[in-house]
Amino acid sequence: MTRRLAIFALAAMPLWCQQLAVPNKSGSVKFAVIGDNGNGGKEEYEVAQRMVEYRKVFPFEFVTMLGDNMYGGETPKDFMNKFETPYKALLDAGVKFYATLGNHDDPEQRNYKSFNMKGDRYYTFSPKRGVRFFSLDSNYIDKTQLQWIEKELANSGSDWKIVFFHHPPYSSGETHGSSMSIRAVLEPLFVKYNVSVVLSGHEHFYERVKPQKGIQYFISGAGGQLRKGNINQDELLDKGFDQDRSFMLMEIDGDDLYFQAISRTSTTVDSGILHRTPVKGAAAVPAS
């Protein structure tokens, strides 16, 4: 049985941080998503401040980081300026950051305590029964990593399987585009083991890809970096935003996953619902 994901997009409109496009239900899994953020620039700090503001009304418990966590140097001072200071209010509040390695990242980041990788290039965690996240190192997917992810997916028993890594298997980006080699080795496993959502960075914009083989792909790679006007209007694109930095909020409640993509200026640029139902051989259905 594969999982059918029906996506219902909500109309994008300017919203300030106190107005959420996610339901903020009691007992749900609440988290944020950032990627390509670690440059230490003022825009990274401004995105981080928006995250702090939104958390006052949407108390997300953790953040998935989609790679390129550090640009340039990686000295203790760099970790302070590019991570610890911009996200200090969140870290002080006990929010956990779960990182994955990007192409600009030193693999030794896996030993940095606040990235919660515990010394591993790839790992898994479950914030709640029925929901499990899998972080991969897409810089080098060898046989050992493939065997690991297949075993973990097969044995997880979770309703929601969410995989995150740096290089997007599907992308409308003009600079990089889809990573065909990553897609070739990972997509068959994602389909076989009913992965619901894949999160990636690398492209410095936001994109919601049209569902592929029943899987929803998101790109959130503008937490600090930006390639303005870099999205091609091609057959993959469902919704995109390449005019400013951005981050995401997500919420899982039962068979529904709600998402909201938010710009540096607190404008909601995309939002919607993914509904997960077991249907053999079905693909995701976009909203009319």
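The values are calculated or read from the model by the stated rules, or taken from the named source; none is laboratory data. Keep in mind the model is a prediction, meaning the values are calculated, not measured. Quick reminder, even Gly has a Cβ in these numbers, built from the backbone with ideal geometry, and neighbours come from all protein chains shown.
Key figures
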| item | result |
| --- | --- |
| Residue list for region 87-114, restricted to those being small (Gly, Ala, Ser), under 19 Å from the mean Cα position of the chain (by Cα) and either loosely packed, with under 15 Cβ neighbours inside 10 Å or within 26 Å of GLU53 (Cα to Cα) (or both) | ALA99, SER114 |
| Test: residue in region 205-214 that is out of contact with any Phe, Trp or Tyr (no Cβ under 8 Å at 6 or more places or on another chain), of a type in the set (A, V, I, L, M, F, W, C) and either part of a loop (DSSP other than H, G, I, E, B) or surrounded by 24 or more Cβ atoms within 10 Å (Cβ to Cβ) (or both) | no |
| Residue satisfying all of: in region 126-141; farther than 22 Å from SER28 by Cα and polar (S, T, N, Q); surrounded by the most Cβ atoms within 10 Å (Cβ to Cβ) among these | SER138 |
| Filter pass, LEU91 being in contact with a Lys or Arg (Cβ under 8 Å, 6 or more places away or on another chain), assigned to a helix (DSSP H, G or I), farther than 15 Å from LEU199 by Cβ and at pLDDT 95 or above | no |
| Residues of region 221-265 satisfying the condition of being within 17 Å of the chain's Cα centre (by Cα) and among the basic types (Lys, Arg) | LYS239, ARG245, ARG264 |
| Of the criteria (1) in a loop (DSSP other than H, G, I, E, B); (2) touching a strand residue (DSSP E or B) at 6+ places or on another chain (Cβ under 9 Å), which one VAL198 fails | (1) |
| Test result for LYS128, over 16 Å from the mean Cα position of the chain (by Cα) and touching a residue at least 60 places away in the same chain (Cβ under 8 Å) | yes |
| Residues (exposed (fewer than 14 other Cβ atoms within 10 Å of the Cβ) and under 29 Å from SER26 (Cβ atoms)) located in region 115-125 | none |
| Count - residues of region 51-84 that are surrounded by fewer than 15 Cβ atoms within 10 Å (Cβ to Cβ) and in a loop (DSSP other than H, G, I, E, B) | 6 |
| Condition check for LEU186: in contact with a Leu (Cβ under 8 Å, 6 or more places away or on another chain), in a helix (DSSP H, G or I), of a type in the set (A, V, I, L, M) and over 30 Å from GLY229 (Cβ atoms) | no |
| Matching option when the condition is in a strand (DSSP E or B), touching a residue at least 12 places away in the same chain (Cβ under 8 Å) and of a type outside the set (A, V, I, L, M), among GLY224, GLY240 | GLY240 |
